[in-house]
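One structure is given below, encoded as structure tokens.
The values are calculated or read from the model by the stated rules, or taken from the named source; none is laboratory data. All values reported here derive from a predicted model rather than from experimental measurement. As a convention, Cβ positions derive from the backbone with ideal geometry for all residues, glycine included, and neighbour counts pool all protein chains shown. These accessible areas exclude ligands, DNA and RNA; they are computed on the full protein's heavy atoms, side chains included. Shrake-Rupley method; radii C 1.70, N 1.55, O 1.52, S 1.80 Å.
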Amino acid sequence: TTCLMVYLSEEATRDNKTMRAAIELITEIAVTEGKIPEPDIHMGGPPVDNIQIDIEGERTLINLALLAGCVGLALSYWCFRSMKLTSIVFAVGVMSAGMSMAIVFYFGVMEVWLLGMPKPRLGAVDAILMSMPAVVYVLGLSGAIHTVNYYRDARREHGLFGAAETSVRLGWWPCTLAAVITAIGLGSLYTSDIVTIQ
């Protein structure tokens, strides 16, 4: 049994593609030059964690998005028993998820154009970040369901006149609070040592 400690340069850890290439090169050298079978190689540390998280994220991404979409549709229909309301609520969730990815894209544009970076660092999409739209989708869906229920309650109690305004007045605080708490939770991930999670 032997051990090799490797410190990757700052340039090698700048992005996941470079880090992945470095890890793959180290593995290839160990297999071809060191004659170590690949299953016997055990690696650890933040760069390896980054790559493994990226690989697993890529594998599970489609399943997560499909599951979130199906559960959201089913729950919405179960709550409302109306395809029209379900479609509206689902559209809000999907638009919220899409806007979250658009924010990441335009943040990357800002990094390149305004800050003069050669390529975006925080405005780039990786496998972990691709799970964020599912979280934002659920948050958007939840807010829309709450708002529709407040609207229905206001209509039942006071009639059609002013029902939309009442639903917004009643729902803005709990929905905003849920969104802010979720944003704080997602923002806390920036403190992670794992670049992919940052």
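Structure data summary
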item	result
Residue pairs meeting the criteria (Cβ under 7 Å; at least 6 apart or on separate chains; first in contact (Cβ under 8 Å) with a residue 24 or more places away in the chain and open to solvent by less than 80 Å² (accessible area, probe 1.4 Å), in segment 96-110; second among the β-branched types (Val, Ile, Thr) and not in a helix (DSSP H, G or I))	Val104/Val125
Residue that is nearest to Met43 (Cα to Cα) [pool: residues in segment 1-28 that are among the small types (Gly, Ala, Ser) and under 26 Å from the mean Cα position of the chain (by Cα)]	Ala22
Close pairs from segment 63-79: first under 14 Å from Ser96 (Cβ atoms), partner modelled with pLDDT of 80 or more and open to solvent by 70 Å² or more (accessible area, probe 1.4 Å), Cβ under 7 Å, at least 6 apart	Ala68/Val138; Gly72/Val138
Close pairs (8 angstrom Cβ cut-off, 6 or more residues apart or separate chains): in contact (Cβ under 8 Å) with a residue 40 or more places away in the chain in segment 1-28, open to solvent by 90 Å² or more (accessible area, probe 1.4 Å) and assigned to a loop (DSSP other than H, G, I, E, B) anywhere	Arg14/Arg121; Asp15/Lys119; Asp15/Arg121
Options Ala183, Ala178, Ala164: the member that is free of Cβ contacts under 8 Å to residues at least 40 places away in the same chain, farther than 17 Å from Gly93 by Cβ and assigned to a helix (DSSP H, G or I)	Ala164
Residue identified as within 19 Å of Gly72 (Cβ to Cβ), open to solvent by 40 Å² or more (accessible area, probe 1.4 Å) and β-branched (Val, Ile, Thr) among Val168, Val180, Val138	Val138
Selection within segment 114-133 - surrounded by fewer than 21 Cβ atoms within 10 Å (Cβ to Cβ) and hydrophobic (A, V, I, L, M, F, W, C)	Leu114, Leu115, Met117, Leu122, Ala124, Val125, Ala127, Leu129, Met130, Met132
Test: Arg81 is on the phi > 0 side of the Ramachandran plot and open to solvent by 40 Å² or more (accessible area, probe 1.4 Å)	yes
Whichever residue in segment 117-161 is part of a loop (DSSP other than H, G, I, E, B) and small (Gly, Ala, Ser) and, among such residues, is modelled with the lowest pLDDT	Ala127
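A quick yes/no check of all residues on (1) surrounded by 13 or more Cβ atoms within 10 Å (Cβ to Cβ); (2) out of contact with any Ser or Thr (no Cβ under 9 Å at 6 or more places or on another chain); (3) more than 30 Å from Ala91 (Cα to Cα):
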| position | (1), (2), (3) |
| --- | --- |
| Met5 | no, yes, yes |
| Thr18 | yes, yes, yes |
| Glu33 | no, yes, yes |
| Pro37 | no, yes, yes |
| Asp54 | yes, no, no |
